[in-house]
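Take a look at the structure set out below.
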Amino acid sequence: MLKLKDLQAFYGNIQALKGISLEIQEGEIISLIGANGAGKSTTLMTISGIVPAREGEILFKDKPINKLPPDKIAALGISQVPEGRRIFPYLTVMENLDMGAFLRNDKSGVKQDLEYVLELFPILAERRNQAGGTLSGGEQQMLAISRAIMTRPKLLLLDEPSLGLAPIITKQIFEIIKKFNKESNTTIFLVEQNANLALQVADRGYVMENGVITISDTGENLLVNEDVKKAYLGI
Amino acid sequence: MDFSYLGQLLLGGLTRGSIYALLALGYTMVYGIIELINFAHGDIYMVGAFTALIASTVLLNYGVPHLAAIILAGVAAVIYSSAYGYTVEKIAYKPLRNASRLAPLISAIGASLFLESYVLLLQTSDFLPFPALIPNFKFWAPYESLFSSTELVILITTIVVMILLTVLIKFTKIGKAMRATSQDRVMAALMGINVDRVISITFIVGSAIAAIGGVLIASHIGQINFYMGFIAGIKAFVAAVLGGIGSMPGAVLGSFVLGLSESLFTGYVSSDYQDVFAFTILVAILIFRPSGLLGRSENQKV
Amino acid sequence: MKPILEVKNLTMNFGGLKAIDNLDLFIDKGEIVALIGPNGAGKTTFFNCITGIYKPTDGDVNITRPDKEHNGKTQRINGLNPYIVTRKGLARTFQNIRLFSSMSVLENVMIGCHPVTKTGVLGAILRGKSTRAEEKFIAEKSYSILKKIGLEMYVNELAVNLPYGAQRRLEIARAMATDPFLLLLDEPAAGMNPKETQRLHDLILKIRDEEGISILLIEHDMKLVMSLSERIYVVDYGKKIGEGLPEDIRNNPVVIKAYLGEEVEINA
Amino acid sequence: MIVMDEIKKSCVATLWFIFLTFPIAVIKIDSINNTVKWRWLNMVYIGVGSFFLSMLWRYMIKKKEMGGQKEKKKKEAGFFYKISQNRKIFIPLCVLLGVFTILFPHIFSMYQTTIMISALIYVMLGLGLNIVVGLAGLLDLGYVAFFALGAYLYALLNMHYGVSFWVALPLGGMLAALFGLVLGYPVLKLRGDYLAIVTLGFGEIIRIISQNWDAVTFGPSGIANIPPPPFFGVKLSLQATSTYIFYIIVVLVIFTIFIINRLKDSRIGRAWVALKDDEIACQSMGIDKGKTKLTAFALGATWAGMAGVVFAAKTTFINPASFTIWESIIILCIVVLGGMGSIAGVISGALLLILLPEYLRAFAQYRMLAFASVLILMMIFRPNGMIENVRKIYKFKQ
């Protein structure tokens, strides 16, 4: 479904991606793990068209998308929950969710999805008229994921959903991610620092170090792979 | 104390405030979305007034009925101001979206200067008489001396425009896109919003409102020239800062506060120094409450 | 001897969010100390609180300058302007390189000499004997620092035209010019390749050994952190979750958990 | 294919501009006689113009974007810098220029000399504003206010107390610096764009006061009979006076260049540039942001104050009309066009912008339009100006 071919990108004057290639099949959950600063977020931002790809190619359903502007990429059904969540702070919860459905015209479908996410995260229904910026970190993460679900994505990009959240909430969110993937058969590309969590939900995983992918295997295999630990703790 | 004099000043202040509000909204919208002081905004308003004058003269010359001519002239002003606002953004600001802060500011001054000299060259440097487009209403005759029909129309139009704008921003799709873009441009793009188009529309809407202000004030004062947008623009900017730049209710509140206090200052102190007064307010605000009456304070990111 | 930097109960609130929560930390003279933790743990915020860019909500930041003139005197520095903090002997680098882009490499370092020199407007205009001597001093001092750091071949290049690793080192050179007793490095190895990182490693050791400047370092490259630092602090959610020698940290389950994540079962 | 596409795009742009300029450019109304004049020729001009200009525009924008993507090329040291470093060329060039300057009032007519004097006053103003905008990166839109202060100071002090030019000259500088400090202190803490608007307001305040405070400034009619600089008690003819003022302003310009050159490569000058580049990093280097900005602001104002005194002495008559916002913008244009931070750039900018319109009288009415375009186009395509500022090169023994 998504294919990165020898992708290179710069963040400011830093070469963040030094030629990475990977593939995602439809319906899979793929995790990209690695320590901070490895280039994981840049990978997602390059797929979404925010950071331009300097070399290489991004194919979505066999069509190159690396020259398209971000809004056109979103329109193809690639939705991102960026790092730090980026909730619109002065829009209410409902308005934030509305923004997710910005490109959609099927009113009944939108309504249905809205009910679905409010069921997934009942706390959002309680907070529906509160400004997004006043939510707690966990609630913001839930809102960010819901907002992305509202786009009815074909491919959902999740950037560090566990960032800054208490373990119990992280667990809850990961369970819902898995559940959503199963129920809707949406392909998910998950970037995480928290390897244990990410690999548990993933079908396959890639380990990234310093702008390149060093290991790729199934989730279970990576969980027990000692080299992964080394990549993190520098042993 | 002479209360009827005070009342007159307050009513005058209301009119003044309305005009400032129509202009200040444009400043605040543009600032909210691209953090730029659009120096050319006042000149967009001047172009609107000129277009209205030209259109109404031509139409009346060709025997179009008075009322139809007025409406068509107003429509022409709105269309042309919007078109100019859109073009100015495309040429002078869009190429500088990633430049340093100083560059678009200088470019904006250039755009302002360009519009002024363009009108000066192709039309005239003299003051042109502007017809009173709004007749004196019969039903309003008893109050005419206190608050003229024109002033009444200005106040009502302002209120209507503000309501329409609130509806646009709060409830329509494009309004939500505007708010989202002003809060987080990258995230808005990730949601599929065409940010460049939203910015263009912001300029168009702001300019259209300015054009309405331009036509109203011109018909109130009775004359226009190429320079009329400059001081009015600066004053409206003061009003926007006073209310808290980036905040729309702030712009309206700031405009009425400035309009009323300026009117009182003119009435009781001196009319020669009313502009000095406005600038003094600006400096005082910036020192004591830089985020304005209703503005949000911002945290500097490191 | 008192620690040169002692932070007690430091707390920083942003709205309702506690970015730093009751953090304690100290650094002794001549130490290399690392501050590590997952993304968003509050490390850079901690630097900003110490260097005066943020005013901490609560707590104390005390310094005891190790040089002879200030021997033994402890000063509280929280809430001071950044430029005053620098003048008191704390210099820093930035996570996202902040060089002066329109200036040459040498001039970037010369700016660092600002707090240790004093020519004013009049002096600059008259350019008397003392001014000329000072200019010479600034230029030569800056050049010698560049030489130490290994950037002398770039002297007159514009700072922005340098390769990435060299820009990071130039930031260190610039900070050193302020004559600090403590250098705060915010992710100095970010974006470097292994060769550059090794060079940085040697450089940091050299700065400590030859200049006697203590170092506090935020870094994600664990290899570098483990081999360089004498002590390590680990923070997560703004709280200290561990401290100790590198070996202890490496085997500390709490730390491993913070990095790799908790081993919870996901039920779905 | 590509050609067709480009032509199509230009056609669209042409139609757009024809529509856009239609009411203002084509119709001309005479509101007194209530007649309408149609100027269809203008439409043709605009149509043809926008067709080709839009092509040029797109080409330039594309080129600019391509340039941004490529790796930054090593910058060659500028032509002027090379010359100034090569003593064999530089010294004879200076001598030649010096001789030309000394002979100038004797070769050319008094009219030419007068024009040259005003151009040189603008050189001084440009160099002063260059400190504020070009070096320290603070946008000052009310610079002309300091110029006005100097001019009025000399005119009034001379009228009431008979103070001579030579006393007023430093006083004008000092008064302007003082005002710069007083105005700068509260607003320099604010973000750059606010400073722009406050200085703009300040410029207008000074002009409004000079226009309305009849008791002191004599209002719009201004102050006349301001004496030219005295020449050892000798009464000079009109011609000789202008020659004399020419020499004075030449000396002042040299003095300005000398001082700004020294400031530029000093501890203070470097702090200004650092502040412009990155305020946060600058403070972390131990630089007091407020004080450094204030110094730049006050020093910049000083030159305007002195230039104002010279201006009053040259014209012997001043009124508020000489100190409008336009003047501030012209001076800003000089700095932007010439090259922010670059002394050679600002001098060429001033001479070009002031002399060219004088000699192209026929096009004088297009002057403002041209200035406006210069501001926009320079920001987009050449933000560093005609002559880019080059940093000093240091040499060390290896």
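The values are calculated or read from the model by the stated rules, or taken from the named source; none is laboratory data. It should be emphasised that the depicted structure is a prediction, and the values quoted were computed from it without experimental measurement. Here the Cβ is made from the backbone with ideal geometry for all residues, glycine too, and neighbour counts use every protein chain on show.
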Next item on the list: From the list C:A133, C:A189, pick out the single residue that is buried (at least 21 other Cβ atoms within 10 Å of the Cβ) and either more than 16 Å from C:T86 (Cβ to Cβ) or of a type in the set (S, T, N, Q) (or both).
Entry: C:A189
Notebook entry, point to check: Where in the stretch A:162-223 are the strands (runs of 3 or more DSSP E), entirely inside, with at least 3 residues that are in contact (Cβ under 8 Å) with a residue 24 or more places away in the chain and under 14 Å from the mean Cα position of the chain (by Cα)?
Noted result: A:187-192
Next item on the list: Would you mention how many residues in the stretch C:95-132 are assigned to a loop (DSSP other than H, G, I, E, B) and hydroxyl-bearing (S, T, Y)?
Entry: 4
Next item on the list: Filter the stretch C:212-237 down to the residues that are under 20 Å from C:A175 (Cβ atoms) and free of Cβ contacts under 8 Å to residues at least 40 places away in the same chain, then identify the one that is farthest from the other protein chains (Cβ to nearest Cβ).
Entry: C:I213
Checklist line | Scope the stretch B:101-121; condition within 17 Å of the chain's Cα centre (by Cα) and more than 7 Å from chain D (Cβ to nearest Cβ); matching residues | finding: B:A108, B:S112, B:L115, B:E116
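Here's the yes/no breakdown for (1) surrounded by 17 or more Cβ atoms within 10 Å (Cβ to Cβ); (2) small (G, A, S); (3) in contact (Cβ under 8 Å) with a residue 60 or more places away in the chain; (4) within 12 Å of chain D (Cβ to nearest Cβ):
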{"site": "C:G42", "(1), (2), (3), (4)": "yes, yes, yes, no"}
{"site": "C:V61", "(1), (2), (3), (4)": "yes, no, no, no"}
{"site": "C:K129", "(1), (2), (3), (4)": "no, no, no, no"}
{"site": "C:K141", "(1), (2), (3), (4)": "yes, no, no, yes"}
Note to self: Are there helices (runs of 4 or more DSSP H) fully within the stretch D:276-340 with at least 3 residues that are free of Cβ contacts under 8 Å to residues at least 24 places away in the same chain? List them.
What the structure shows: D:279-284
Note to self: Being in contact (Cβ under 8 Å) with a residue 60 or more places away in the chain and at negative phi is true for just one of C:C49, C:C113. Which residue is that?
What the structure shows: C:C113
Check: Only one residue in B:V252, B:V238, B:V269, B:V215 is of a type in the set (A, V, I, L, M) and without any contact (Cβ under 8 Å) to a residue 40 or more places away in the chain, so which one is that?
Finding: B:V269
Next item on the list: Take the stretch C:207-233 and flag every residue that is surrounded by fewer than 18 Cβ atoms within 10 Å (Cβ to Cβ) and within 30 Å of A:G34 (Cα to Cα).
Entry: C:K223, C:S227, C:E230
Note to self: Given the criteria surrounded by fewer than 17 Cβ atoms within 10 Å (Cβ to Cβ) and more than 14 Å from chain C (Cβ to nearest Cβ), does D:F258 qualify?
What the structure shows: no
Margin query: Going through A:I73, A:I145, A:I123, A:I50 one at a time, which residue ends up being modelled with pLDDT of 90 or more, more than 17 Å from the chain's Cα centre (by Cα) and not in a strand (DSSP E or B)?
Written below: A:I123
Notebook entry, point to check: Based on what the data block shows, is A:I20 surrounded by 22 or more Cβ atoms within 10 Å (Cβ to Cβ), farther than 30 Å from C:L17 by Cα and over 17 Å from the mean Cα position of the chain (by Cα)?
Noted result: yes
Item checked: Among residues of the stretch D:233-275, those that are in contact (Cβ under 8 Å) with a residue 40 or more places away in the chain and assigned to a loop (DSSP other than H, G, I, E, B), counted -> 1
Next item on the list: Identify the residue in the stretch A:210-227 that is more than 10 Å from chain C (Cβ to nearest Cβ) and within 17 Å of A:G37 (Cβ to Cβ) and, among all such residues, is surrounded by the most Cβ atoms within 10 Å (Cβ to Cβ).
Entry: A:I213
Next item on the list: Considering every residue within the stretch A:108-120, establish whether at least one is crowded, with 22+ Cβ neighbours inside 10 Å and at pLDDT below 95.
Entry: yes
Notebook entry, point to check: Do we have any residue at all in the stretch C:101-108 that's over 28 Å from D:A298 (Cβ atoms), in contact with an Asp or Glu (Cβ under 9 Å, 6 or more places away or on another chain) and more than 7 Å from every other protein chain (Cβ to nearest Cβ)?
Noted result: yes
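One line per residue, one yes/no per condition, for (1) part of a helix (DSSP H, G or I); (2) within 13 Å of chain D (Cβ to nearest Cβ); (3) over 16 Å from the mean Cα position of the chain (by Cα):
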residue: B:H220; (1), (2), (3): yes, no, no
residue: B:F230; (1), (2), (3): yes, yes, no
residue: B:S263; (1), (2), (3): yes, no, yes
residue: B:T280; (1), (2), (3): yes, yes, yes
Notebook entry, point to check: Only one of (1) in contact with a Gly (Cβ under 7 Å, 6 or more places away or on another chain); (2) facing another protein chain (nearest Cβ under 9 Å) is not met by B:A76, so which one is it?
Noted result: (1)
Notebook entry, point to check: Can you spot a residue in the stretch C:227-248 that is part of a helix (DSSP H, G or I), more than 19 Å from A:A16 (Cα to Cα), under 15 Å from the mean Cα position of the chain (by Cα) and not aromatic (F, W, Y)?
Noted result: yes
Next item on the list: Report yes if some residue within the stretch C:65-79 is away from every other protein chain (no Cβ under 11 Å), under 23 Å from C:R208 (Cα atoms), within 18 Å of the chain's Cα centre (by Cα) and touching a residue at least 60 places away in the same chain (Cβ under 8 Å); otherwise report no.
Entry: yes
Notebook entry, point to check: When A:D159 is evaluated against the numbered criteria (1) out of contact with any Pro (no Cβ under 6 Å at 6 or more places or on another chain); (2) crowded, with 23+ Cβ neighbours inside 10 Å, which criterion, by number, is the only one it fails?
Noted result: (1)
Notebook entry, point to check: Residue check, A:P89 against (1) surrounded by fewer than 16 Cβ atoms within 10 Å (Cβ to Cβ); (2) within 28 Å of A:Q25 (Cα to Cα); (3) within 14 Å of another protein chain (Cβ to nearest Cβ); (4) not aliphatic (A, V, I, L, M), all met but one. Which one?
Noted result: (2)
Next item on the list: Select from the stretch D:317-335 the residues that are modelled with pLDDT under 90 and over 13 Å from D:A145 (Cα atoms) and write down the one among them that is surrounded by the most Cβ atoms within 10 Å (Cβ to Cβ).
Entry: D:C333
Next item on the list: Evaluate the stretch A:139-147: report whether one residue or more is within 12 Å of another protein chain (Cβ to nearest Cβ), over 23 Å from B:K176 (Cβ atoms) and touching a strand residue (DSSP E or B) at 6+ places or on another chain (Cβ under 9 Å).
Entry: no
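Out of all the residues in the stretch D:1-30, which are part of a helix (DSSP H, G or I) and within 18 Å of B:T57 (Cα to Cα)?
Looking only at the stretch D:1-30, we keep the residues that are part of a helix (DSSP H, G or I), and these are D:2-26.
Listed by number, the residues that qualify are D:T21, D:F22, D:P23, D:I24, D:A25, D:V26.
In the stretch C:11-40, what residues are of a type in the set (G, A, S), in contact with a Lys or Arg (Cβ under 9 Å, 6 or more places away or on another chain) and within 14 Å of chain A (Cβ to nearest Cβ)? Steps first, please.
Step one: of the stretch C:11-40, the residues of a type in the set (G, A, S) are C:15-16, C:19, C:30, C:34, C:37, C:40.
From what's left, in contact with a Lys or Arg (Cβ under 9 Å, 6 or more places away or on another chain): C:30, C:34, C:37.
Hits for the stretch C:11-40 are C:A34, C:G37.
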Item checked: Matching residues, the stretch C:151-175, being more than 14 Å from chain A (Cβ to nearest Cβ), more than 29 Å from A:A35 (Cα to Cα) and not charged (D, E, K, R) -> C:L151, C:M153, C:Y154, C:V155, C:N156
